[in-house]
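Student: Before we start, here is the structure in question, set down as structure tokens.
The values are calculated or read from the model by the stated rules, or taken from the named source; none is laboratory data. Here the structure is a predicted model, which is why all the values come from computation and not from measurement. No Cβ is skipped: glycine too gets one built from the backbone with ideal geometry, and neighbour counts run over all protein chains shown.
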Amino acid sequence: MPQPPVIAIGGPTGVGKTALAIKIAQKLNTEIISVDSRQIYSELNIGVGRPSPEELQSVPHHFIGSHGIHETFTAKDFQDQARSKAREIIQQYGSVVLVGGTGLYFNAFFNGFDEFSNVSQELRESLNAELKDNGIEHLSSKLRELDPIGGSEIDLKNPMRVIRALELILTQEKPLSEIAVGKSEPFEYKSSMYFLNIERKDLYSKTDSRVDQMIQNGFLHEAKNLFSHRQLNPLKTVGYTEMFDFFDGNCSLEEAIEKMKQKTRNYAKRQITWFKNQWNVQEMNATEILNLIQ
């Protein structure tokens, strides 16, 4: 059975997606598109688990360090730019490998996503007033009630993302996944989707070790250099938030690292929930997936 032009590798953080994608890309003599909403930023490196220089040199990667933290980059931007790049790669090599853990970006790429269109100013102002009066936990709870699956993918500590998700759901009166499907044309090339996962205890052990390695690799220095930009949306993410709390004197370094590990595990759990619900494919390990690629 011939391999479709698009090979997508999804799964939780720290599971080994990059290494597998590189092996597949080398096997097919093609290139990789990263589907990661934080690795696109050039200023973020250690804290987002960006592939090593050696990995990036082994196979051409796209959408890693490609944009600055001061730029606005949405799921719709990813859809348009990644689709265009995928077409170029397919035309040149016959296939392309997509790899990452950002479900919203995968959904935008495959199904189409006209992001945040036709949202009334009144609704936006109302949600922002709720945020001011009741806090992010109130809005996050509302999002989870309206769309449990879509809410599992959103960073529920990020006010901008929560408000935008609520704007879509309340305007369209549909969950996020259905809105994405209905708003634009699906990507025209056929694809194979693979859900990479391992035993939960092994995954959590790997994510904890990964955090320790980040600290050893100089993550504190990276976070310190970005501290003055903490108000920017790309920095309101796991790792940087905990380090900024440490720099503010709100916790010890040990507490910050432990919080970082816990939130990374929580994020991995949300990713697993999303891929299970959205992709409807069997979970496999790296060897099983690689053996299916012809």
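Student: Which ones in the range 91-114 are part of a strand (DSSP E or B) and hydrophobic (A, V, I, L, M, F, W, C)? Before you say what the answer is, go through the steps one by one.
Tutor: Keep residues of the range 91-114 that are part of a strand (DSSP E or B), which gives 96-100.
Across the range 91-114, the qualifying residues are 96, 97, 98, 99.
Student: Is it the case, given these coordinates, that residue 94 is surrounded by 17 or more Cβ atoms within 10 Å (Cβ to Cβ) and modelled with pLDDT of 90 or more? Show your work before the answer.
Tutor: On the way: surrounded by 17 or more Cβ atoms within 10 Å (Cβ to Cβ): no; modelled with pLDDT of 90 or more: yes.
Considered against the rule, which asks whether it is surrounded by 17 or more Cβ atoms within 10 Å (Cβ to Cβ) and modelled with pLDDT of 90 or more, residue 94 comes out as no.
Student: Of these, 84, 66, which one is surrounded by fewer than 19 Cβ atoms within 10 Å (Cβ to Cβ) and closer than 22 Å to residue 22 by Cβ? Walk me through it before giving the result.
Tutor: Numbers: 84 fails: closer than 22 Å to residue 22 by Cβ.
Step by step, each of 84, 66 is checked, and only 66 is surrounded by fewer than 19 Cβ atoms within 10 Å (Cβ to Cβ) and closer than 22 Å to residue 22 by Cβ.
Student: Ok, one more. Can you confirm whether residue 144 is of a type in the set (Lys, Arg) and farther than 17 Å from residue 278 by Cβ?
Tutor: Considered against the rule, which asks whether it is of a type in the set (Lys, Arg) and farther than 17 Å from residue 278 by Cβ, residue 144 comes out as no.
Student: Might you check whether a residue that is out of contact with any Gly (no Cβ under 9 Å at 6 or more places or on another chain), surrounded by 14 or more Cβ atoms within 10 Å (Cβ to Cβ), outside any helix (DSSP H, G or I) and of a type in the set (Val, Ile, Thr) occurs anywhere in the range 168-175?
Tutor: No, the range 168-175 contains no residue that is out of contact with any Gly (no Cβ under 9 Å at 6 or more places or on another chain), surrounded by 14 or more Cβ atoms within 10 Å (Cβ to Cβ), outside any helix (DSSP H, G or I) and of a type in the set (Val, Ile, Thr).
Student: Does residue 42 fit the bill of being without any contact (Cβ under 8 Å) to a residue 24 or more places away in the chain and among the small types (Gly, Ala, Ser)?
Tutor: When the stated conditions are applied, residue 42 does not pass them.
Student: Please work out if residue 33 is touching a His at 6+ places or on another chain (Cβ under 7 Å) and outside any loop (DSSP other than H, G, I, E, B).
Tutor: The answer is yes for residue 33.
Student: Of the numbered conditions (1) part of a loop (DSSP other than H, G, I, E, B); (2) on the phi < 0 side of the Ramachandran plot; (3) modelled with pLDDT of 95 or more, residue 249 fails exactly one; give the number of that condition.
Tutor: The one condition residue 249 does not meet is (2).
Student: Here is a follow-up. Which one of these does residue 73 not meet: (1) over 28 Å from residue 212 (Cα atoms); (2) without any contact (Cβ under 8 Å) to a residue 60 or more places away in the chain; (3) surrounded by fewer than 17 Cβ atoms within 10 Å (Cβ to Cβ)?
Tutor: For residue 73, the failing item is (3).
Student: Right, another one. Does any residue in the range 125-140 that is in the same structural domain as residue 163 (by TED's automatic domain parsing) come within less than 7 Å, Cβ to Cβ, of a residue that is of a type in the set (Val, Ile, Thr) six or more places away or on a different chain, and which pairs are these?
Tutor: Pairs that qualify, where the first residue is in the same structural domain as residue 163 (by TED's automatic domain parsing) and the partner is of a type in the set (Val, Ile, Thr), are 127/163; 128/163; 131/163; 136/162; 139/162; 139/163; 140/162.
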